[in-house]
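The values are calculated or read from the model by the stated rules, or taken from the named source; none is laboratory data. The structure presented is a predicted model; accordingly, all values stated were derived computationally and were not measured. Here Cβ is always computed from backbone atoms with ideal geometry, including for glycine, and neighbour counts include all displayed protein chains. Note: accessible area is taken over every heavy atom of the protein model, side chains too, but ligands, DNA and RNA are not part of it. Shrake-Rupley method; radii C 1.70, N 1.55, O 1.52, S 1.80 Å.
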There are 2 protein chains.
Amino acid sequence: MKAGFVQTSPRFGDIRWNVDDAVERIRALCGSTGATLVALPELFSTGYQFKSAKEALDLAEDASAGYAAKRLGEAAKELGVFIVAGFAEKSGRKVYNSAVLIGPKGRVGTYRKAHLFSNEKKIFSPGDTPFEVYKAGRARVGMMICFDWLFPEAARTLALKGADIICHPSNLVLPYCPAAMITRSLENRVYAVTANRVGAEERISGKRLKFIGTSQIIAPDGKVIARAGRVRPCAHAADFDLKAARDKRITPVNDIFKDRRTGFYEL
Amino acid sequence: MKAGFVQTSPRFGDIRWNVDDAVERIRALCGSTGATLVALPELFSTGYQFKSAKEALDLAEDASAGYAAKRLGEAAKELGVFIVAGFAEKSGRKVYNSAVLIGPKGRVGTYRKAHLFSNEKKIFSPGDTPFEVYKAGRARVGMMICFDWLFPEAARTLALKGADIICHPSNLVLPYCPAAMITRSLENRVYAVTANRVGAEERISGKRLKFIGTSQIIAPDGKVIARAGRVRPCAHAADFDLKAARDKRITPVNDIFKDRRTGFYEL
């Protein structure tokens with residue numbers, strides 16, 4: 001199968017423009033490469049730097065009925081593909097920093113970011129969904145969002161639950177994650193697709209955020225299959241060999257899951 | 001405090017030469033830098049590629065009474081320093097791939113490698129010691145050995161038990177670990193000292209192992225403080241700020257230990 005990412009440059013608060021732009025890029029990527037799974041960045045439909053929880057609540061959308069969900073759902077159905085997208089999810093009076101997996105038949109699953117970074121703690125409610133694995137065609141897909149990368153237990157839990165591919169919508173500003181996701185792939189022997197954004201935001205005076213792009217696809221053996229630049233929107237897809245992600249042997253006698261010494265691990 | 005590594009090029013089976021060479025290098029490093037904690041490679045006293053379990057048993061030594069332990073103990077006492085060293089540990093009829101922490105007052109602790117790599121499974125008994133943290137002067141030191149790097153739970157467990165510094169004797173042949181240890185430092189905010197060896201062994205015909213050197217010291221913020229070359233023996237030490245390793249905040253509101261969502265993690 002083929003899977004990939006779309007690296008975007010959202011306009012803050014302009015949901016329609018952001019969603020329509022992303023859908024167009026997904027259509028182009030899937031049309032040219034035959035990709036059947038595409039990851040979008042974190043908060044792709046709204047932008048990142050909310051000034052307040054109130055502003056986030058005003059822009060957040062329902063995971064099924066919002067504009068983003070509906071347009072992505074139409075695209076997934078039309079193209080026969082699965083899409084992972086990060087968005088501000090409204091649930092009652094709460095807002096979560098969420099990712100949704102949408103397929104040709106509609107929404108498959110939603111993940112609410114477990115590890116909130118910095119000011120996100122003032123904006124979003126902490127995630128209350130487990131790290132879960134969902135079927136996307138033949139692939140088993142797990143989702144984690146941006147800062148979750150720092151916690152090895154996130155990717156580990158997804159891998160232990162059977163993920164072949166970790167889709168990782170992000171809004172990275174620090175430089176460490178792209179290299180660390182190679183470690184995440186290696187230590188779990190899974191594919192990792194980090195979809196990041198580019199551009200900058202300074203909606204809070206003096207707090208300019210420059211996003212680093214560098215979206216990437218990492219193979220279960222740690223190879224960097226694709227890596228985007230730091231400045232421009234773009235899209236990449238690659239062949240994924242699901243068997244490689246399901247074979248946890250790195251030598252004939254080392255299965256990295258069977259080799260785990262859980263009796264010695266502290267949680 | 002200052003800590004560092006000695007990168008050696010052992011002669012297979014020549015325990016006296018290997019130990020004396022290492023002691024000389026430790027003396028030189030501590031003398032010139034004032035380092036009070038020094039890590040040596042995995043199996044520094046014997047070399048790596050045993051042809052059989054029998055050969056390993058013949059070369060393995062007691063953790064307290066062997067030549068390596070005695071000479072390192074004398075050096076630690078004379079220099080007033082702590083030494084972490086990987087060695088083949090004989091315990092009855094068993095041989096472990098172990099690391100020992102020796103201080104001015106003698107042996108502080110022994111760790112037996114939990115995750116054995118490839119042919120090591122034919123040579124060594126799997127480790128039966130927990131990941132433990134020991135005092136070395138003011139520093140709290142944890143040990144893990146080479147391939148343990150691939151399992152995030154090893155470093156995590158040491159960090160959760162309070163390690164400031166992870167000493168990581170290694171005999172690396174694959175290229176992934178040096179970058180991965182940056183991730184290990186970042187995700188745990190600890191210092192990581194990987195002491196690797198150089199040179200090559202082909203004691204089993206057709207199975208040439210070339211060791212990659214690249215010993216390194218990584219700071220809790222992921223900075224590469226020192227990194228050795230790939231070919232020559234050498235030694236490096238650096239200043240360690242233990243407060244940095246004990247402060248788990250990476251933003252004013254993100255303490256990476258308090259932020260852990262253990263209820264969602266699978267072990």
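Residue pairs exceeding 23 angstrom between C-alpha atoms, taken from B:90/B:113; A:70/A:161; A:113/A:243; A:2/A:105: A:70/A:161; A:113/A:243. The trypsin sites (Lys or Arg not before Pro) of region B:130-183 that meet both conditions, a loop assignment by DSSP and at most 11 other Cβ atoms within 10 Å of the site Cβ, are B:138. For residue B:27, the distances from its label point to the matching points in the remaining copies are 7.7 nm, ordered from shortest, with each point set 7 Å beyond Cα toward Cβ. The average projected area of region B:1-158, computed from the convex hull of its Cα atoms over all directions, is 8.4 nm².
Distances between every pair of Cα atoms in the protein assembly as shown, grouped in 10 Å steps from 0 to the bin holding the largest one, split as 4, 19, 27, 21, 15, 10, 4, 0 percent.
Against the compact-protein benchmark of 2.2 N^0.38 Å, the Cα-based radius of gyration of region B:2-264 scales to 0.94.
One Cα centroid belongs to region A:62-131, the other to region B:55-134; the line between them spans 51 Å.
Magnitude of the charge dipole for the protein assembly as shown, about its Cα centre and with charges confined to Cβ atoms of Lys, Arg (+1) and Asp, Glu (-1), is about 60 debye. Residue A:168 contributes about 0 Å² of solvent-accessible surface, heavy atoms of the protein only, 1.4 Å probe. Using a probe of 1.4 Å, the accessible surface attributed to residue B:33 totals some 40 Å² when neighbouring protein chains are kept in position. By accessible area, using a 1.4 Å probe on protein heavy atoms only, chain A has 51% of its surface on carbon and sulfur. Kindly give the distances from residue B:205 to its copy-mates, label point to label point, with each label point 7 Å from Cα along Cα→Cβ, as nm values to one decimal ordered shortest first. For residue B:205, the inter-copy label distances come out at 7.9 nm. For residue B:161, inter-copy separations between label points set 7 Å beyond Cα along the Cβ vector come to 2.9 nm, shortest first. Once the 1.4 Å probe is applied to the protein heavy atoms, region A:2-264 comes out at 37 Å² accessible per residue.
Set against the 2.2 N^0.38 Å expectation for a compact globular protein, region A:99-146 has a Cα radius of gyration ratio of 1.29. Aspartates and glutamates within cross-link reach of residue B:94: Cα-Cα under 15 Å, excluding same-chain residues under 8 positions apart? Cα-Cα hits under 15 Å: B:55, B:58, B:61, B:62, B:120, B:128. Annotation note: trypsin sites (Lys or Arg not before Pro) in region B:1-95 located in DSSP loop regions with a Cβ neighbour count of at most 10 within 10 Å are B:93. Spatially, region A:138-160 and region A:1-36 are offset by 22 Å when compared through their Cα centroids.
Do the sum for chain A: with -39,500 (n - 2.57) for every DSSP H run of n ≥ 4, divided by all residues, what is the mean residue ellipticity at 222 nm, to the nearest 500 deg cm²/dmol? Mind showing how you got there, number by number?
On the way: 7 runs with 69 residues, N = 267.
Calculated from helices alone, the mean residue ellipticity at 222 nm is -7500 deg cm²/dmol.
How many Cβ atoms of partner chains, on average, are near each residue of A:148-155 if near means within 10 Å of its Cβ? Before the final figure, lay out the partial values.
On the way: counts 1, 3, 9, 9, 10, 11, 4, 1.
Mean partner-chain Cβ count within 10 Å for A:148-155: 6.
Heavy atoms of chains B and A lose about 4000 Å² of accessible surface on contact, summed over both sides with a 1.4 Å probe. So if R0 is 22 Å, what FRET efficiency would residue A:14 and residue A:65 give, r being the distance between their Cβ atoms, rounded to the nearest 0.05? Result of the calculation: an efficiency of 0.70.
Mind giving me the FRET efficiency for residue B:51 and residue A:257? R0 is 30 Å, r the Cβ-Cβ distance, nearest 0.05 is fine.
Values: r = 30 Å, r/R0 = 0.99.
After rounding to 0.05, the efficiency reads 0.50.
Summarising the label geometry, the points placed 7 Å from Cα in the beta-carbon direction at residue A:78 and residue A:128 lie 3.5 nm from one another. Looking at region B:2-264, the DSSP beta bridges with both ends there are about 70 percent antiparallel. Shape class for region A:36-128: prolate, because the ratio a/c of the largest to smallest gyration tensor axis (alpha-carbon atoms, square roots of eigenvalues) is 1.5 or more and a/b beats b/c. Among the protein heavy atoms, those of residue A:223 account for about 120 Å² of accessible surface (1.4 Å probe, every chain in place).
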